[in-house]
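The values are calculated or read from the model by the stated rules, or taken from the named source; none is laboratory data. Keep in mind that this is a model prediction, so the values were computed, not measured. Because the Cβ atoms are built from the backbone with ideal geometry, glycine has one as well, and the counts that use them run over all protein chains shown. Accessible surface is based on the protein model in full, side chains and every heavy atom, while ligands, DNA and RNA are left aside. Shrake-Rupley method; radii C 1.70, N 1.55, O 1.52, S 1.80 Å.
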Amino acid sequence: MPGICLLLFLLLLPCVADAQSNSLDPRTPIVEDFVKQRAQNPGLYQSPPINHIVPSHNTITYAGQFEEVNLKLMQEPEGLTAVNPNNAVTVTGYKMEPHLALSLKNIAIGFSIERSKLAEEWTYGDAYNSFQRKQKSTLETSGLGLNLAFVPFPKMHKKLRLAMILGGKSLNAKHGVSYVKSLNGPVSIENADMQSFRYTVNYYEAGLNLSWFVLKRFAIVPWADYAMYDVAGAQAIFNSEKYSSGELKAVMENDLDLFFLSYPKFRYGLDFSVQVLGLEVRIGGLLGTLANLNKSVDYIEDKSVTISVSVEQKGN
């Protein structure tokens, strides 16, 4: 009997350790709610990733994407309880990604540069600011991407063009983290309260899109994309003996969910492309934003804005 009890204890020990780690970061319920909501596909109408280039004979494609991130996340209320605005996580900053693709007849190679700067802050307090708790994290990334696009069936109908995309990025990350700070009164987290870590994040992607040219300069573009972040470098830091059983492990795990792992791995959508004076304008993302205005939950405020531009230049 003692042997059976010991075996059960050893089997349950990892689960107990994970639960204890999560309880060390009070943001956990908010982050889990956000991950659950973001995992759902946002809707049918949306634009594909900026590197979804359809090869076109002897063409250079200049593309770029800029995202202004502005999120306010609160905990999902239970029952008829109102949302508590005094317990919130805010994420602000930007992400920019210029992209260049060189196309031959049925194949294209693309290069991209990514740069992002994000700041996260959790604040908890009462309505009178007599007591406050705060936690802060920052993330800066920069890196290079490479992808290959090719047309597997070049002899399809002339109005149809299917492209497959394979690629990835390697990002250098600088991650700043503070512990939870509590005071009787307003809390301020200074630079001296932050710990800084550096690691590498790898990003892998595979996708396809089908351009159906209904008119000469108008196309309907159904697309699908599977992508994932590899954050093993960051996990190796907080799983080390120095941090594996403390508050920092729980804080960094939630940071990785917020900054990287909350994005759904599989996405799909329907986009619309209009060519005007050599400029390709994608309107699927705008239609998706309008369609989802009344579908968001009241405990997640997303005021982020994404702008994508693509220009094609024909060679001689």
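Please report the accessible area of GLU190 (heavy atoms, 1.4 Å probe, ligands and nucleic acids excluded) in Å², nearest 10.
100 Å²
Mind running the shape call on the chain? Use the C-alpha gyration tensor, a ≥ b ≥ c as the square roots of the eigenvalues: rounded below 1.5 for a/c, prolate if a/b tops b/c, oblate otherwise.
prolate
Determine the order of ASP33, ASP230, ASP271, ASP302 by accessible area, beginning with the largest, at a probe radius of 1.4 Å.
ASP302, ASP230, ASP33, ASP271
To the nearest Å, what is the center-to-center distance of the stretch 220-248 and the stretch 110-140, using C-alpha atoms only?
Between the Cα centres of the stretch 220-248 and the stretch 110-140 lies a distance of 18 Å.
With all protein chains present, calculate the accessible area of THR81 using a 1.4 Å probe and round the result to the nearest 10 Å².
90 Å²
Kindly sort LEU139, LEU208, LEU166 by accessible area of their heavy atoms, largest first, with the probe set to 1.4 Å.
Highest to lowest solvent-accessible surface, that is LEU166, LEU208, LEU139.
Compute, for the chain, the length of the dipole vector about the Cα centre, with Cβ point charges of +1 (Lys, Arg) and -1 (Asp, Glu) only. Units Debye, rounded to 20.
1480 debye
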